[in-house]
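See structure below.
The values are calculated or read from the model by the stated rules, or taken from the named source; none is laboratory data. Computed from a predicted model, the values in this text were never measured in an experiment. Glycine also receives a Cβ, built like all others from the backbone with ideal geometry; neighbour counts cover every protein chain displayed. Accessible surface is based on the protein model in full, side chains and every heavy atom, while ligands, DNA and RNA are left aside. Shrake-Rupley method; radii C 1.70, N 1.55, O 1.52, S 1.80 Å.
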Amino acid sequence: MNKPFNEPWPEIVPFDEFTPPPFPLECFPEPLSEYGRALAAYTQTDPAMAGVLLLGLLGALFQHKYSVVSVNGNVEQTSIYAVAIAPSAERKSEVIRHVIQPMQEFEADYNTRHADDISHSRATRMLLERGVGTAQKDGDGAALTAAQTALDRFQERRPLTLLADDTTREALVSLMVENGERMLIASDEGGIFMNMKGRYKQSGDDTEVYLKSHSGGRIRINRKSREPETLNTPALSMMVTVQPFVVDNVIMEESNNARGLTARLVYTVCAEK
């Protein structure tokens, strides 16, 4: 919405009292706009659902490849937290399944082609860890130092993971450490917003990881039983579908507004079909 600088904003209109304009699929390159229209027709869903999920997908594909420079010179990464809002039985799972299918196929193909290298790397790490254990048992300081140094320098080749769903903060950080500090969260239930509020903790809030992974801020996770994990330029994107009650009861909590989480989300309210 364009308005003069000093003019106040109009009164906010609730979602259920406002009919949004059609999603501008034509703004995508032609192959993507055709895909979005075809997917909407095939699933009998609002084109806005496919459109906003494609934005989340593109955000993930461009992470660490392109940056966006605003008119005032600010440089932002392409992290996009895309949220499609629709009631139950609106085929949200079907739409998101089709959108992420190419990434799932690429991930599976890559891991199949590199299965031998991944297995060899895992076995090498196990041998190095065994060498550290043997040196500790023998009490050989020089051997222990050499074995530990070799283990610290070893870079294990792990299976490629492009997508995550219902994950804790610690698991998400580990996945990003192992996959070039990038990740796409794809979910048709919106449980990730429960996780942000510390669903797996008796107390606490995990929102900070998602705030920093949107802007590229440095993250360091310290654990008692494991070495610290650090993300220097984390890049996270999301493509999530939620029911309206998740927006009202979880996403729009006052604490989320205060910390800027809701300002990072790209919403579309899907028309019922």
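Laid out as a table, the results:
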{"item": "Mean accessible surface per residue for the chain, computed with a 1.4 Å probe while every protein chain stays in place, in Å²", "result": "59 Å²"}
{"item": "Under DSSP loop assignment and at most 12 Cβ neighbours within 10 Å, longest chymotrypsin sites (Phe, Trp or Tyr not before Pro)-free interval of the chain", "result": "67-273"}
{"item": "Positive dipole terminus of the chain, leading residue within H120, L57, A84 (C-beta point charges)", "result": "H120"}
{"item": "Contour excess over end-to-end distance, with Cα ends at H120 and N74 and 0.36 nm allotted per residue", "result": "12.2 nm"}
{"item": "Solvent-free Debye scattering, log10 I(q)/I(0), computed from the Cα coordinates of segment 91-250 at q = 0.15, 0.20 Å⁻¹", "result": "-0.96, -1.30"}
{"item": "Estimated inter-spin distance, I221 and T233, nm [label 7 Å along Cα→Cβ]", "result": "2.1 nm"}
{"item": "Cα-based Rg / Dmax (Å) for segment 37-122", "result": "17.2, 49"}
{"item": "Accessible-area ranking of L184, L151, largest first, probe 1.4 Å", "result": "L151, L184"}
{"item": "Stretch gain in nm, segment C27-K65, where the contour uses 0.36 nm per residue and the Cα spacing is subtracted", "result": "11.6 nm"}
{"item": "Mean separation of Cα contacts under 8 Å, 6 or more apart, over the residue count of the chain: relative contact order %", "result": "27 percent"}
{"item": "Percent carbon-and-sulfur accessible area, segment 119-204, ignoring ligands, DNA and RNA, probe 1.4 Å", "result": "50 percent"}
{"item": "Segment 88-165: radius of gyration and largest Cα-Cα distance (Dmax), Å", "result": "20.3, 65"}
{"item": "Percent carbon-and-sulfur accessible area, segment 1-108, ignoring ligands, DNA and RNA, probe 1.4 Å", "result": "62 percent"}
{"item": "Gain in span if fully extended, D248 to D140, counting 0.36 nm per residue against the direct Cα distance", "result": "32.8 nm"}
{"item": "Nearest-20 debye value, the chain charge dipole, Cβ charges on Lys, Arg, Asp, Glu", "result": "900 debye"}
{"item": "The chain - Rg over Rh from alpha carbon coordinates, Kirkwood radius", "result": "1.05"}
